[in-house]
Amino acid sequence: MLNNIRLPLPASRHDLLDESTFHTCLTMEKRRAVRARKSFALFLIDLASSAQRADAGRIVSAVSSCVRTTDWIGWYERGKKLGVAFTEIRTDQIDSTARILHLKMAQVLSEHVGPQLASQMTVSLWPAQELAVLQASASGAAAEPSS
């Protein structure tokens, strides 16, 4: 059944998952995280302007430098929101790990694409703090989790 599903995962970390596959992977990762008692962080990068959408390839290349082989990148919303899932995070370290990842992602985006895009990134943590959201400030620093 669900254990027999084979997903078309990217051949390299520069490859993007399509929207449907990305959401299927998210669902499976939530289940896996519960079983393994681990957490994951979901970064969403809002490509609000047409210029940002045109730079999607550069954005993916920049973000790819932050991901490990267990993480994946794909379309959360095709052409509008790029998603990056950082998996296999110890639940007792989710907050500190997410802050470090957030600062690293914001720095990489600022250097390669510009600070405006870095300020439009949101981070969802799961299951720690049940999808608490960190909102990037204009300076790229993480704000405190909201309730």
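The values are calculated or read from the model by the stated rules, or taken from the named source; none is laboratory data. Being a predicted model, the structure only gives us computed values, none of them experimental. All Cβ positions, even for glycine, are placed from backbone atoms using ideal geometry, and neighbour counts span all protein chains on display.
Structure above, values below:
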| item | result |
| --- | --- |
| Of the criteria (1) within 10 Å of the chain's Cα centre (by Cα); (2) farther than 26 Å from Thr24 by Cβ, which one Ile100 fails | (1) |
| Given (1) at pLDDT 90 or above; (2) of a type in the set (Phe, Trp, Tyr); (3) touching a helix residue (DSSP H, G or I) at 6+ places or on another chain (Cβ under 9 Å), number of the condition Phe40 does not satisfy | (1) |
| Residue in the stretch 57-72 that is assigned to a helix (DSSP H, G or I) and either basic (Lys, Arg) or without any contact (Cβ under 8 Å) to a residue 40 or more places away in the chain (or both) present | yes |
| Conditions (1) more than 19 Å from Leu16 (Cα to Cα); (2) in a loop (DSSP other than H, G, I, E, B); number of the one not met by Ala48 | (1) |
